Each structure stands twice: as structure tokens, then as C-alpha cells.
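A.B. asks: Handing you this structure, nothing more for now.
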Amino acid sequence: MPNVQNSVEHGGFVVTRHNLLRDILAGFCHRAHLSVKIEVGYGLSRENINSRPADILVQRWDRGHPAAFNVTVTSPLTPAILNISSIYEGAAGRVAEARKHTTNDAKCQDLGWLCIPLAVETYGNWGKEAHEVFNRLASLLAFGQTSHKSGLLLDIYSHVNMSLVRSIARAILGRALVKV
């Protein structure tokens, strides 16, 4: 039986899903009055010219240091992590966070950035570092407003998870239409 998750990971759906999540999160950063740049490249050397450790570069995120948010969507059904994902909730997200740190920590450190992967499993389970970012964003959004932090946090999760679900549905429908 084919893996449904693998079947939706082809074509432009992966890029579209990534960009939707990135744009929603950048929008929340803007609403929190943070200065952001999208898809900031490394470009310090020829071999890293296409490397972009920052899907969203947030200026002055932590004690004056910029942070490179790197959005990644991972599947707990990937054969390499299926066993551990079936035992531990969020294992695929933790693996994705670790992979992003391995790939991007040195690049970010060279640029004076904090490396913060925002990993989400295809079923909507966000990684530990994403939870921390969302919590802080909700605090920043609530500052000086009548809105409560808990409602704003719910708003962040609702927006990103609905986008994730819709993009997966589009990918499945797109694959079904191609096979007909």
C-alpha cells in the first residue's frame, strides 16, 4: 500500500505549503511590531550561495540578537523515523529541529543570528522551539492591548494549523486529479 504522506509531497505543493506557513508567521511578527525579512540567504561563500537559513529573519528577537526562523514540515510516517514516531509524540518534529540545527547553526552563528527551527509534523504537532516562539509572539501581541495572551496564542495556532490542513488537502486532491 502506498504511503499517502509521500504521495502528497511531490510537485509545487511542498513549496506552496512552506511559503503559506512562512507568510502567516511573518504576518504575526509584523503584527507584534517586529522587523522581519523573508528568505534571507547566506551568500558568504560560493558553495553556500543558495542556502537560506532564515525563512524569516527577525531583528532584535532575543536581547538584541536577530533570529533566523526556519520553517520545516515533516512527516511522522517517513520510514526512517516511523518506529520512533509511533512510540513518542512529536518525535518527527524533534528530529526535524535537530536536522535544521545541524544544517544551519554554524551559518547563523557566522552571521550573529540565533537559529530557531519552526518544525511542524504534517498532522499539526509543532516542535518545542516553535511553541516557544508562538508563546513569545502571543506575549508581544498582547502587550498594550485588551486582548488576552491565551486568545492570541490560540489565534496563532488556528491560523498556521488551518493553513497546514488546507495545503495537505489541496495536495491530496491535486494528486487524485492527476491520476484520474
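A.B. asks: Compute the relative contact order of the chain as a whole-number percentage, counting only Cα pairs closer than 8 Å that sit 6 or more residues apart in sequence. Numbers along the way, then the final one.
C.D. replies: Values: 253 pairs, mean separation 38.7, N = 180.
That works out to 22 percent.
A.B. asks: Follow-up. Suppose we keep just the alpha-carbon trace of the stretch 115-180; what are its Rg and Dmax in angstrom?
C.D. replies: 15.5, 54
A.B. asks: Still on this structure, I have one more. On the accessible surface of the stretch 51-180, probed at 1.4 Å, how many percent belong to carbon and sulfur atoms?
C.D. replies: C and S fraction of accessible area: 58 percent.
A.B. asks: So, one more: On full extension of the chain, what length is gained from LYS149 through HIS33, given 0.36 nm per residue of separation minus the C-alpha to C-alpha distance? Intermediate values should be presented prior to the final figure.
C.D. replies: Numbers: separation 116, 0.36 × 116 = 41.76 nm, distance 1.56 nm.
Additional length available on full extension: 40.2 nm.
A.B. asks: May I pose another question? If I model a spin label at ARG136 and TYR123 as a point 7 Å from the Cα along the Cα→Cβ vector, what separation in nanometres do I get?
C.D. replies: 2.9
A.B. asks: Where the only charges are on Cβ atoms (+1 Lys, Arg; -1 Asp, Glu), what is the dipole of the stretch 113-180 about its Cα centre, to the nearest 20 debye?
C.D. replies: On the way: 7 positive and 4 negative charges, 63 e Å.
It comes to approximately 300 debye.
A.B. asks: For the stretch 88-165, state which GluC sites (Glu not before Pro) are in a DSSP loop and have at most 14 other beta carbons lying within 10 Å of their beta carbon.
C.D. replies: On the way: sites: GLU89, GLU97, GLU121, GLU129, GLU132; in loops: GLU89.
For GluC sites (Glu not before Pro) across the stretch 88-165 that sit outside H, G, I, E and B with at most 14 neighbouring Cβ atoms in 10 Å, the list reads GLU89.
A.B. asks: Subtract the Cα-Cα distance of THR102 and VAL165 from 0.36 nm times their separation in residues, and report this length gain in nm to one decimal.
C.D. replies: Here the answer is 19.9 nm.
A.B. asks: Regarding the chain, what's the average projected area of the Cα-atom convex hull, expressed in nm²? Don't skip to the answer; put the middle values down first.
C.D. replies: Details: hull surface 47.3 nm².
So the Cα hull casts an average projection of 11.8 nm².
A.B. asks: Nothing charged except the Cβ atoms of Lys and Arg (+1) and of Asp and Glu (-1): what's the magnitude of the dipole of the chain about its Cα centre? Round to the nearest 20 debye. Write out the running numbers ahead of the final one.
C.D. replies: Numbers: 19 positive and 14 negative charges, 60 e Å.
With Lys and Arg at +1 and Asp and Glu at -1, about 280 debye.
A.B. asks: Taking 2.2 N^0.38 Å as the expected size of a compact globular protein, what ratio does the Cα radius of gyration of the stretch 82-122 give against it, to two decimals?
C.D. replies: Working: Rg = 12.3 Å, N = 41, 2.2 N^0.38 = 9.0 Å.
For the stretch 82-122, the normalised Cα radius of gyration is 1.36.
A.B. asks: Here's a follow-up. So what is the accessible area of the chain per residue, in Å², with the probe set to 1.4 Å? Each step should come with its number before you reach the end.
C.D. replies: Details: 10110 Å² over 180 residues.
That works out to 56 Å² for each residue.
A.B. asks: Which percent of Cα pairs goes in each bin when the distances of the stretch 85-157 are cut into 5 angstrom slices starting at zero?
C.D. replies: Computed distribution, short to long bins: 3, 17, 19, 18, 17, 15, 9, 3, 0.
A.B. asks: Using a Cα distance threshold of under 24 Å, what count of lysine pairs results for the chain when pairs must be 8 or more residues apart or interchain? Don't jump to the answer; show the numbers that get you there.
C.D. replies: Numbers: LYS37/LYS100; LYS37/LYS107; LYS37/LYS128; LYS100/LYS128; LYS107/LYS128; LYS128/LYS149.
Final tally of qualifying lysine pairs is 6.
A.B. asks: For the stretch 55-70, just list the computed ³J(HN,Hα) in residue order, Karplus coefficients 6.51, -1.76 and 1.60, θ = phi - 60°, integers in Hz, with x standing in for Gly and Pro.
C.D. replies: 5, 9, 9, 9, 6, 6, 7, 10, 6, x, 8, x, 10, 9, 7, 10
A.B. asks: A follow-up question, please. Among ALA138, ILE168, ALA106, flag the residue with its Cα farthest along the positive direction of the charge dipole of the stretch 93-180, charges on Cβ as +1 for Lys/Arg and -1 for Asp/Glu.
C.D. replies: Value: ILE168.
A.B. asks: Counting only residues 5 or more places away or on other chains, whose amide H sits under 5 Å from the amide H of LEU118 once H atoms are built in the peptide plane?
C.D. replies: Correct list: ASN70, VAL71, THR72.
The values are calculated or read from the model by the stated rules, or taken from the named source; none is laboratory data. Being a predicted model, the structure only gives us computed values, none of them experimental. Virtual Cβ from ideal backbone geometry, glycine too; neighbours counted across all protein chains shown. With ligands, DNA and RNA removed, areas are computed over all heavy atoms of the protein, side chains included. Shrake-Rupley method; radii C 1.70, N 1.55, O 1.52, S 1.80 Å.
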